[in-house]
Each structure stands twice: as structure tokens, then as C-alpha cells.
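The next block holds one structure in the form of C-alpha cells; read it before the comments.
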2 protein chains.
Amino acid sequence: MQSFFEYIWQVREEWLEWCRQISREEMLKPRTGGPGSILYTLFHVIEVEYSWIRAIQGKEDEVIPFEQYDTLEQLKKLSNDCRAEIMEFMEEGLFANKDERVNVSWENQSYTKDEILHHVIAHDIHHIGQLSVWARELELKPVSAHFIGRTEHGKS
Amino acid sequence: MQSFFEYIWQVREEWLEWCRQISREEMLKPRTGGPGSILYTLFHVIEVEYSWIRAIQGKEDEVIPFEQYDTLEQLKKLSNDCRAEIMEFMEEGLFANKDERVNVSWENQSYTKDEILHHVIAHDIHHIGQLSVWARELELKPVSAHFIGRTEHGKS
């Protein structure tokens, strides 16, 4: 599970770097098929991941306003800050007691930690797949999505 | 790991069903940003998954020609057949000895079983994310990508 988090964080970092080549207008332009713009999609995966991990920790949900993080530099800072907090929690038991049930404030449901961890990983990879289509629509090469090697492969 | 496979197979099944609402022409139309058409993308995730799992089994790589599976019914059959074979192998040790190294015929590299399993899962979810953009471009609702509940959520 930890290696999936390392993977999604590395890919996210590379997408944040990738954004440097496009204008602020392109970054914020609404697009078809994802949560919104390229920058908003990156914000969304960071925010959703952070919310679920906070729920696992039994912490209250914290609404993060996109308006405060709608530049590449601010979003990078948010990404680094959230990741640092999650990494700390990794050492303190994020992956322990996976069958423990977690109540989430935004739903009348409880899930196991294990279900939530799977959900967060799938959620991230899914939205990054959307970014890759938009990149090609902009005639730009997307960040590699490969888990193995993080380079080109015959069997991609 | 097994629950990720169950998730990607369920989502794939739902996408194959989803395809019933679009014409054969739309299914096979080349699109920007993924491996090709909607049908080819579904073929691609099935084929790549199957190839990597065969490599883990120490079996020779088998080239599956898309031309033989370019209808929805044929592709469903391929999907079912490959899945049945992988499920059988699940019971016979797919997830055992995860640090075992695997040589793959299409690369001058070896990977651990664990790396390959992660790769296959990320590969699938990534391409399914691409399908979801194309669905919206066709003004159709995509299959839900949620791992949890497989229905709509506040924190999607």
C-alpha cells in the first residue's frame, strides 16, 4: 500500500512540474470529463486524499478552499504540507489495523481503513488518467503513468 | 491486492456494458490521449494485464491480435477468458512470494511480482480514467470509478 502512495505522490509531483510549461489560463481552463481544470484536478486529488486520511485519524473534516491554492506555487505548498502530514501518520500507524472501521463526517457510512486506502489510491490514479487526455489535447506529452521504472515500456 | 483486481474487473465489466449505448463507429473511433479507441483501450488493459500475469507464471508472451476481438461480444469473451485464467492462478499463488523476481520477454529487465501487480493495477485505473473523459465528450455519464460503494459520494 505504501508503494502506491509513493507512486501517486511521485506522479503528482511530476504533473505539478509539467504544469510549468503551460500558461495560467490553460491551467485554469474548465475541461470536459474531470473535476474541472488541470490545476483544480490536482487540487482535488490532494484535498480528497487529505480528507480521507484525516477521517482515518478521527480528525474533523477541514474544507480547503481552492481559491487559496489556485497558483502552481501555492498548490505545490499544499501538496508538500499534506504529504508531510500523511507521511508522519504513516509512521504512526496509517497501515496498521486495516479492518478498523472509520466514520466519515460527509457520509452516513463507515468504512474500513483498508477500503479507504484503496479508494484514495484508485481515485488519484483515475483523475491522473484524465489529465493525460487533456495533455494530449494540448499536444503535450503527459507525465508517464508507469508504476514500473517510470519510463517507456513495450507493454505499457 | 486481490480487492484491487476485483475492483478493476468490476469497473471493466461495467464499461463493457456501458459500450452497448454507443454505435460501433463511436466504439472504434480513434481518440486523443489514450491507446486508441474506446474498444481498443478496453482491449489494451485486458491484454496488458494478461501478458504481465503470464510473465509471472513463467509462460511465453502471447500476442493477442485486436482484429480478432474488435466487437463488444468478442471482447467480453476475451475479458471473461483472461479473467478466469487469472482467477485460477490467484488460488494457485499469484499473491504469494511477492519478492520473487520475474523476467519479462519484452524487456531486458526483471521485476518483482509485487512491482508487476502494482503496475498492472495502476495501468488499468489510469486508462479507465481516460475513458471517463471521452464519455463526457460524448455527453454520456461515465461508469463510476469509486472504489468505495461504487456509487456517488460527497468526497469523490
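The values are calculated or read from the model by the stated rules, or taken from the named source; none is laboratory data. Just so it is clear, the model here is predicted, and its values are computed rather than measured. All Cβ positions, glycine included, derive from the backbone under ideal geometry; neighbour counts span all protein chains shown. In case anyone asks, the SASA skips ligands and DNA or RNA and just uses the protein heavy atoms, side chains included. Shrake-Rupley method; radii C 1.70, N 1.55, O 1.52, S 1.80 Å.
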Shape category assigned to segment A:50-102 from the gyration tensor of Cα positions, a/c cut at 1.5: oblate
Per-copy distances of the A:E17 label point, shortest first, in nm (7 angstrom along Cα→Cβ): 4.2
The protein assembly as shown: translational diffusion in µm²/s, Stokes-Einstein, Kirkwood Rh over Cα pairs, 25 °C, 0.890 mPa s: 121 µm²/s
Accessible area (Å², per residue) of the protein assembly as shown, counting only protein heavy atoms and a probe of 1.4 Å: 45 Å²
Sites excluded, GluC sites (Glu not before Pro) in DSSP loops with at most 10 other C-beta within 10 Å, longest stretch of chain B: B:1-59
Teacher prompt: A:K98 distances to equivalent labels in other copies, 7 Å Cα→Cβ, nm: 0.7
For the B-to-A rotation axis, chain B residue with nearest beta carbon and its distance in angstrom: B:G129, 1
Cross-link pairs beyond the 23 Å C-alpha cut-off, checked among A:K76/B:K141; A:K29/A:K77; A:K141/B:K76: A:K76/B:K141; A:K141/B:K76
Cα-only Debye scattering, chain A: base-10 log of I(q)/I(0) at q = 0.15, 0.18, 0.21 Å⁻¹: -0.83, -1.14, -1.43
Fraction of accessible area attributable to carbon and sulfur, chain B (%, probe 1.4 Å): 44 percent
Crossing angle, helix B:2-18 versus chain B [Cα axis fit, 0-90 degrees, rounded to tens]: 30 degrees
Degrees between helix A:113-137 axis and first principal axis of chain A (Cα, 0 to 90, nearest 10): 10 degrees
Label geometry 7 Å along the beta-carbon vector: B:E6 inter-copy distances in nm: 2.7
Per-peptide average of other Cβ atoms within 10 Å, ordering A:141-147, A:119-125 highest first: A:119-125, A:141-147
Heavy-atom accessible surface that A and B bury in contact, both chains counted, 1.4 Å, Å² to 100: 3500 Å²
Tilt relative to chain A, helix A:38-56 - C-alpha long axis, 0 to 90 degrees, to 10: 10 degrees
Cα centroid separation - segment B:25-40 against segment A:1-72, whole Å: 27 Å
